Amino acid sequence: MAAKRALLGTIKGPPNIVLILADDLGYADTGVYGSKTIGTPHIDALAKRGVRFTDAYVTAGTCSPSRAGLMSGQYQQRFGFEFNTAGAAITHRERRGLDPSLITFPKVLQHAGYATGMFGKWHLGTRDHFHPNARGFDEFYGFLAGAHGYFPLTKEERVYSTLMRNNTPLKEPDYLTDAFARETVRFIHKNKDKRFFAYVPFNAVHTPIQASKKYLDRFPDAKNRQQKTYNAMVSALDDAVGAIIAALRETQTEKNTLIIFMNDNGGPIYTRVQSNAPLRMGKLFLFEGGIRVPMIMSWPGVLETGSVYRRPVSSLDIYPTLCTAAGVILPTEVKLDGVNLIPHLRGEIDTAPHEALFWRNGPNKAIRLGKWKLIQAHDHVWLFDLESDIGETKNLAPTKPKILKTLQAKLKQWQGEMKPPAWPSKPNRRRVKIDDTLYELNI
Ligand code: CA
């Protein structure tokens, strides 16, 4: 441990921070996570310069609650944010959004003197009190709802989802993934002499499945149009990551920038183009395919290059990790569910970052404790040993009653700390038959 520590540099004061979030990306849809068909050289190169996580989790299988956990650093059920605020459309509901009394980590970084910018999808409320400019971002370029087309919208479409610069609606001529990269690059150049934080939640590769010719032409042999277009979207996302890293290099800020790349929830099954292999199911589910995501962290001189971290970590860890890196001592009344990952990644702490991780989506609940994973859906219970069965194929609930009981007790205790949902899930709930039981999807 001491030898490992000696290889790494000392931490030299607060870094710039770039947090890139993909949307609905398949677990296996980048080269470094196993894709053989979609080339992602920039994301792969980022992994070579930093730490790649095999067991990184988000707090929900859907966009909106997952982002609430990320921004607040707390299980979003603590404040009732269990379901999506809404889907693709702007709804302007007074109370559906990230509780304005919560202090987001962008707000903390802004207070600490960082120039803060957000470029992409918000999905944490559309009213003024939920707006990114009110939640810690000096600059916002993006949209507030849950989805957006990638090409200029018609007038009718713009009523439902509008691109904005701060509060001003606009029409974007470029392919949207290129536009978010362009805006981030501009922000980095503008703030290169300050300390900056860029949050870049691309809507790529969320539906609609749309790509421009430049990227489509890279996949002449795809098996069908939908797959070709999806691959092209991932390729555009990878180019965007490359453009952001190139901007850091050009401005000579790369060496002092902490970069995180992760994804907000697993790839959906219904589009039939994402691959979450070898994980089971996808978006909306509490099986691994819905909640385990790709994640890479790079901080030159501080984190080991080309390494792999295999213990479970959570998007809840982003808040304390970034605030500590920024040199902020958080007030004790800010209750966080995550931990600062840096000492774990540097080998200064040898224990697991979390004893257990928890999930709840209406009647569906889950816990991961060490190698064990329990999913409870209404009365049906699954118990998996993820170490020997990453694909969650063998239900051990009938044969491991003691472990089952331990996990159920911990899950119950956690649930006791959570609030009921502050608003209902979408009324058109779907039920999917899995292992002779009906699994209800709550969005
Ligand atoms: Ca998503």
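Values in this text are rule-based calculations from the coordinates and carry no lab data. What you are looking at is a predicted structure, and each value in this text was computed from that prediction instead of being measured. Note: ideal-geometry Cβ built from the backbone for every residue, glycine included; neighbour counts use all protein chains shown.
Annotations for the structure displayed:
- Using θ = phi - 60° and Karplus 6.51 cos²θ - 1.76 cosθ + 1.60, couplings along region 330-338 (whole Hz; Gly, Pro as x): 6, x, 5, 6, 7, 8, 10, 9, x
- Full extension of the chain between residue 406 and residue 432 gives 6.6 nm of extra length, using 0.36 nm per residue less the Cα-Cα distance.
- Both radii were evaluated on the Cα set of the chain; the Rg over Rh quotient, with Rh as the Kirkwood radius, amounts to 0.94.
- FRET E, pair residue 311, residue 128, Förster distance 35 Å, beta-carbon r, rounded to 0.05: 0.30
- Simple spin-label estimate for residue 171 and residue 252 gives 4.3 nm between the two label positions (7 Å along the Cα-to-Cβ direction from each Cα).
- Using a Förster distance of 30 Å, the FRET efficiency for residue 213-residue 304 (Cβ separation, nearest 0.05): 0.15
- Dimensions in Å of region 356-441 - Rg and Dmax from alpha carbons: 13.5, 38
- For region 21-177, the equivalent ellipsoid derived from the Cα gyration tensor has semi-axes of 26, 21, 17 Å, listed largest first.
- Gyration tensor over alpha-carbon atoms, region 200-329, equivalent ellipsoid semi-axes in Å: 29, 21, 12
- Normalising the average separation of contacting C-alpha pairs (under 8 angstrom, six or more residues apart) by the number of residues puts the relative contact order of region 356-441 at 19 percent.
- Rounded to the nearest 20, the Cβ-based charge dipole of region 356-441 about its Cα centre (Lys and Arg +1, Asp and Glu -1) stands at 260 debye.
- Highest-fluctuation residue, 377, 22, 134 considered, GNM on the chain with Cα pairs under 10 Å: 134
- Extension reserve of the residue 36-residue 387 stretch, reckoned as 0.36 nm per residue once the Cα distance is removed: 123.9 nm
- When GluC sites (Glu not before Pro) are flagged only if DSSP places them in a loop and at most 13 other Cβ atoms lie within 10 Å, the longest unflagged stretch of the chain comes out as 95-332.
- Amide H contacts of residue 295: 53, each under 5 Å away and 5 or more positions distant or on a separate chain (H built 1.01 Å from N in the peptide plane; Pro and chain starts excluded).
- Pairwise centroid distance, computed over Cα atoms, of region 77-98 with region 56-75, Å: 13
- Inter-site label distance for residue 10 and residue 194 at 7 Å from Cα along Cβ, in nm: 2.9
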